[in-house]
Amino acid sequence: MPVKYLDKAAAAFQFAAAPVHLKPLSAGHINYTYLVDCGAGNPQYILQRVNTEIFQKPFELMSNIKGISRHIARKAAQSGGDPGRMARTVIETKSGEDYYIDPNGGYWRSFLEIDNVVSIDFPDGPELFYKSAVAFGRFFKQLSDYPVEMLYVTIPDFHNTLSRMQEFKQALAQDKMGRAAQLQPEIDFILSAQPDCSYITDRIADGRIPLHVTHNDAKLSNILMDKNTGAGVCIIDLDTVMPGSVLYDFGEAIRFGASAAREDETDLDKVQIDLGMFETYVRGYLEEVWDVITQEELLGFPMGAYLMTLETGMRFLGDYLNGDTYYQIHYPGQNLDRARNQLKLAADMKEKIDQMAEIVQRIYYSVKKGQDPCESKGVI
Ligand code: GN1
Ligand code: MG
């Protein structure tokens, strides 16, 4: 069923021509998204109703998106790229606003769709995953000189694993749907991981890990990749861009793309960290960011991957306990399936944390050797 006021919203924006077709896009668990076709010869657009229960300050969020998109567009132009393809273009309403607000108080916004690109849910091999790492690395680097203090915090404590643990414990204590009794192994695993949860928060608090502009949902499917070359063109889903740690973005990308199975796989025997894909991502990412991150950040990469996965598992299970109020689900029990998948992956990562650390160090030195002008000339 189309979301209410879709047609009114589609008529509200400054499109090149009147929309002829609106196609629902299934990507994402939070907002409602449509592809707007304005007829042959015209650009296409993305029309989205923002979930304002989750993003409670939609104008602040849009200010973030416009600020960083302008920055990326400038960087793209400086390096000879096409800013219209490499950065998000916000389309205003006919009255020049960022949002059309429907009679129910729903917030709608629009972006120019970029042509000749695809978004991929699961890497079909290392080559594509390497390209995704380069794309996220470039995003991080392009924004490394953007003033973090200019950004609004769109969801407070979004990747604060410790407060995610508190939220999970609250959901467990309330057990609103009476579901906890069936979930003892998952609950035990989460509670046993409690001491790990402060790894990143502690380091941010005492300054060992700095805040950067981070995407915070840095998964493969949030990159538009060129249909012909597979190269990353533009990073999308910018709602959660805010001050954060590089470990969040690195970790999210690994959680999503370096698992041997998809995020919604229910055969848990298939779910494990693929260390070959992990190494591939580390290489692509470090080739871009090696000179803008510190040793402490580098050392944290494996924990970042593990903690982002644990956190996602806790969030899915917490939502299942709460009666599925946060993530959109397509069948009953989907949040439980998603949680089991992520917790299995987190457990596997925890076991392989030393192997991940060895890979990070090895790849870092090989990338540095290849790219540092002093080292490659044998100066160091
Ligand atoms: C949500 O809607 P989507 O797929 O972009 C969530 C992310 C989770 C992800 C799990 C605002 O993102 O944090 O990692 O689901 N976004 C929000 O797939 O909660
Ligand atoms: Mg998202």
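Quick look at the numbers
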{"read-out": "Hits in the range 22-44 - residues which are on the phi > 0 side of the Ramachandran plot and within 14 Å of ligand 1 (Cβ to nearest atom)", "value": "GLY28"}
{"read-out": "Which listed residue, of ASP267, ASP337, ASP324, ASP291, is surrounded by fewer than 20 Cβ atoms within 10 Å (Cβ to Cβ) and within 21 Å of GLY125 (Cα to Cα)", "value": "ASP267"}
{"read-out": "Residue within the range 347-366 that is part of a helix (DSSP H, G or I), modelled with pLDDT under 95 and among the hydroxyl-bearing types (Ser, Thr, Tyr) present", "value": "no"}
{"read-out": "Subset of the range 81-109 [of a type in the set (Gly, Ala, Ser) and at pLDDT 95 or above]", "value": "ALA87, SER95, GLY96, GLY105, GLY106"}
{"read-out": "Members of the range 124-150 that are modelled with pLDDT of 95 or more, more than 18 Å from HIS212 (Cβ to Cβ) and surrounded by fewer than 15 Cβ atoms within 10 Å (Cβ to Cβ)", "value": "GLU127"}
{"read-out": "Qualifying residue in the range 305-326 (condition: farther than 29 Å from GLU288 by Cβ, away from ligand 1 (no atom under 16 Å from the Cβ) and in the same structural domain as LEU247 (by TED's automatic domain parsing))", "value": "yes"}
{"read-out": "Check on ALA181, over 16 Å from the mean Cα position of the chain (by Cα) and of a type in the set (Gly, Ala, Ser)", "value": "yes"}
{"read-out": "Qualifying residue in the range 35-46 (condition: within 16 Å of ligand 2 (Cβ to nearest atom) and of a type outside the set (Lys, Arg))", "value": "yes"}
{"read-out": "Residue in the range 57-72 that is charged (D, E, K, R) and more than 16 Å from ligand 1 (Cβ to nearest atom) present", "value": "yes"}
{"read-out": "Some residue of the range 226-240 being of a type in the set (S, T, N, Q), touching a helix residue (DSSP H, G or I) at 6+ places or on another chain (Cβ under 8 Å) and more than 12 Å from ligand 1 (Cβ to nearest atom)", "value": "no"}
{"read-out": "Count - residues of the range 294-321 that are more than 14 Å from PHE168 (Cα to Cα), hydroxyl-bearing (Ser, Thr, Tyr) and surrounded by 24 or more Cβ atoms within 10 Å (Cβ to Cβ)", "value": "2"}
{"read-out": "Total residues in the range 49-75, condition in contact with a Gly (Cβ under 9 Å, 6 or more places away or on another chain) and either under 17 Å from TYR99 (Cβ atoms) or free of Cβ contacts under 8 Å to residues at least 60 places away in the same chain (or both)", "value": "4"}
{"read-out": "Checking ILE223 against (1) in contact (Cβ under 8 Å) with a residue 60 or more places away in the chain; (2) within 16 Å of TYR130 (Cβ to Cβ); (3) in contact with a Leu (Cβ under 8 Å, 6 or more places away or on another chain), the condition it does not meet", "value": "(3)"}
{"read-out": "Residue ranges of helices (runs of 4 or more DSSP H) in the range 1-105 with at least 1 members β-branched (Val, Ile, Thr) and closer than 27 Å to ALA218 by Cβ", "value": "58-78"}
{"read-out": "Candidates GLN170, GLN174, GLN166, GLN142, filtered to the one that is closer than 30 Å to LYS75 by Cβ and polar (S, T, N, Q)", "value": "GLN142"}
{"read-out": "The range 327-338: number of residues that are more than 11 Å from ligand 1 (Cβ to nearest atom) and either under 30 Å from GLU358 (Cα atoms) or not hydroxyl-bearing (Ser, Thr, Tyr) (or both)", "value": "7"}
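Per-residue answers, yes or no, for (1) under 23 Å from ALA218 (Cβ atoms); (2) in a loop (DSSP other than H, G, I, E, B):
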| site | (1), (2) |
| --- | --- |
| GLU149 | yes, no |
| VAL153 | yes, yes |
| HIS159 | yes, yes |
| GLN182 | no, no |
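The values are calculated or read from the model by the stated rules, or taken from the named source; none is laboratory data. Because the structure is predicted, anything quoted here is derived from the model rather than measured. Cβ coordinates were reconstructed from backbone atoms using ideal geometry, including for glycine residues, and neighbour counts include every protein chain displayed.
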